[in-house]
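Accompanying notes for the structure given below.
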Amino acid sequence: MPHAVAQNHRFTVLLANEQEGWHQTVRQLLQPQGVETVSARSGREALSLMESRPIHCAVLDAQMPQLGGLQVIKLMRELQSRRDASQPVPPAILLANQLTSHLLHEALGMHVFSVLSKPVDFNVLLDTLARVLKRHYENKWPNECGGDSSREEHAGTNGHSNGNGHRAAS
């Protein structure tokens, strides 16, 4: 689960969405907090980045070119099961145009941390990233985590609305 950051000591968030302006806005919100962002414009690019470098949280659009967010998560889990668990699948936040019961059920089955509706409320996204940090990295940057790395928490089975029209799977 938690893993050390080899070359930098920053919490790294993958932003996988085909909208360039969205990447720039989120990057500007996260950089002052000491968070590094890496961008992907397609599911294949997101998968490649997750295979090649440590990612601590993935924000994935459910409808991306080539592979959607859930497909990326599924492929990463398959790759992890074939390799050792030294590079775990990062917690994922899924962005969706429509929050259908089918999508939420599928996301929960894949242990997606949270599902947010688009257009994304940036305050909700920041809050969700803070919850990822708290739950998966015990409020520490990933390189500071110690203890039992086999302990893993997954999203609960009860989604809830936060009052802003967003449903969270955790």
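Placing a label point 7 Å from the Cα of residue 97 along the Cα-to-Cβ direction, the residues of segment 49-77 whose backbone N falls under 13 Å of that point are 62-65.
Mind checking the alpha-carbon convex hull of segment 59-139 and giving the volume per residue in Å³?
Numbers: hull volume 7.7 nm³, N = 81.
Roughly 95 Å³ of hull volume per residue.
Going from the fewest other Cβ atoms within 10 Å to the most, the residues 102, 23 appear in the order 102, 23. Model label points for residue 79 and residue 44, set 7 angstrom from Cα along the Cα-to-Cβ axis, are 1.4 nm apart.
Throughout, read-outs are computed from the coordinates displayed, never taken from laboratory work. Because the structure is predicted, anything quoted here is derived from the model rather than measured. We place every Cβ from the backbone using ideal geometry, glycine too, and count neighbours over all the protein chains shown.
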